[in-house]
Structure formats: structure tokens, C-alpha cells
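Readers should treat all values here as calculations from the given coordinates under stated rules, not as data from a laboratory. These figures come from a predicted structure and were not determined experimentally. Positions of Cβ are generated from backbone atoms using ideal geometry, with glycine treated the same way; all protein chains shown enter the neighbour counts.
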């Protein structure tokens, strides 16, 4: 589910444009610049202008695209964060087939998702201990909650059903009916906010919740006072993750579920 977060943030930037008679053009003021996941996430969204509509009269430009994400600045070895930026929850406009698929599964599921984008060098800085995710899962199962996991990624939790979906959009249609998601900071947490579902988000010390978090979620940092943005594994991020306890995540989850 890696790579979707930036596009979901974009839908939040475009929120409400259609109601004002506008469509948001995401680009440099001359060219609309979409990424590889834009078409999927922006599908059916009336607020967003498609490539080729740059000269339409209802277009309103927002300088948000790869290389200019507003919430951060790249410095080669690390990112620095724009603390003046706070994302609005995005929006998903599902079609009937996606919603019908979601309805084949029970509502009120609890998703625990331990996977980060392991193919990226930054992944270790965003990863909480898999054994801790399993302990959280075991506690929630013992309390009678229907814990499940999506059938993607490297790490699979024991004792839970895995949910296979045709696409990320289908996954978010399912999450829309869920009671809770426990997940690292990333595409799934942005998608969870976009469909209005509560979450416990494991941030650690890599990126600040102030820049990419949402008020409807419980965002855990392990008490980090700085957010290094380092693109290679670092001790600071390991320490922040280690400071987030199983009890803290369980109590946060139960505070939502109860």
C-alpha cells in the first residue's frame, strides 16, 4: 500500500473545490503533474482537474506534485518538515462495484497492519516491532474483537484472517466500514482518514504528526522531541519506536473501540 499517501493528501487539498465551481490543478501553474498512483486515487473525484485541462476556465492551481510536496523539503540524506502544513483528511469517491465488494465483509472489523514499504530504505525508521504488533493482536483477539489484516506485505500476523482485495481502492472501501485500524504512518493511515475511520498510528521519530497526521487518529511518537526525516536507518528512530509500548497501543485501541 506504499505510494498512495501523497495522492490522498492531494485529495484533501482539493476538498470542496467543486462546490465552489472550481477544479484543482496539481502542478506548477503550467502543467498538471500526476504520479503513478494519481489516476487510481483521483478516480471519480470532481474536485481535481485531469491532465490536459490546464487551460480550462474553472481550474485553480495548487503547487503540489512530486518534488514539491509542501509538507517537506528534501536534502539528499533527509527531509525537513513544514510545521505550518497540516493535512485535511482526503476524500475517496467509490463506485458501486467497490462498495458492493466491501459489503461482502462484516462491518466493525479491526485491522492491524504491521507492514511498512520494505522496498524503501526509509522503511526501518517507520517500522514498529512485528512481535509487538502480534502482542497487540493477541490482546484484542482475547478481548473478543474481530482482528484482521490485509493480504499484502512481508509480515503476516498469526491467528487472524487475511483480507484480499482487488485494489487499494477496494481496501479503503472495506476500511470505511471498519471499527479501527492500527498501522504505521503511511498510505493506509492517510486512506483511513480519507474514509473517516479511527486509527492508532505508529509514527515514532521519523515524521511529525503535525505535518502528516490527523486529529481523528491517535498518533504515537514514543515521546520523540525531534523528527529526523533520515532516509537511511538511524538509532534515533529505533529509540523512538522502542519507546512505544504494547500497553500504550492496546489502551489507545481500546479507548476507541469502547
In degrees from 0 to 90, rounded to the nearest 10, what is the angle of the helix 246-257 Cα long axis to the longest principal axis of the chain?
-> 60
In degrees between 0 and 90, to the nearest 10, how far off the longest principal axis of the chain does helix 5-14 point, with axes built from Cα atoms?
-> 50
Rounded to whole Å, √(5λ) for the Cα gyration tensor eigenvalues of region 109-206, largest first, gives 18, 17, 13
Between residue 96 and residue 161, take the C-beta separation as r, use R0 = 22 Å, and let me know the FRET efficiency to the nearest 0.05.
-> 0.30
Does anyone have the angle between helix 130-142 and the longest principal axis of the chain? Alpha-carbon axes, 0 to 90°, nearest 10?
-> 70
Where both residues lie in the chain, what percent of DSSP beta bridges are antiparallel, nearest 5?
-> 25
Rg to Rh, two decimals, where the chain supplies the alpha carbon set and Rh follows Kirkwood = 0.97
Quick one: Debye curve from the alpha-carbon atoms of region 89-146 only, equal weights, vacuum; give me log10 I(q)/I(0) at q = 0.14, 0.28 Å⁻¹ to two decimals.
-> -0.67, -1.03
Could you estimate the translational diffusion coefficient of region 206-253 from the Stokes-Einstein equation, with Rh from the Kirkwood formula over C-alpha pairs, at 25 °C and 0.890 mPa s, in whole µm²/s?
-> 211
Could you tell me what fraction of 2.2 N^0.38 Å the Cα radius of gyration of region 5-70 comes to, as a two-decimal ratio?
-> 0.97
Packing-based ranking, highest mean first, of 187-199, 80-92 given that Cβ atoms within 10 Å are counted = 187-199, 80-92
Region 1-151: spread of alpha-carbon positions along the three principal axes, whole Å, largest first, is 57, 44, 26
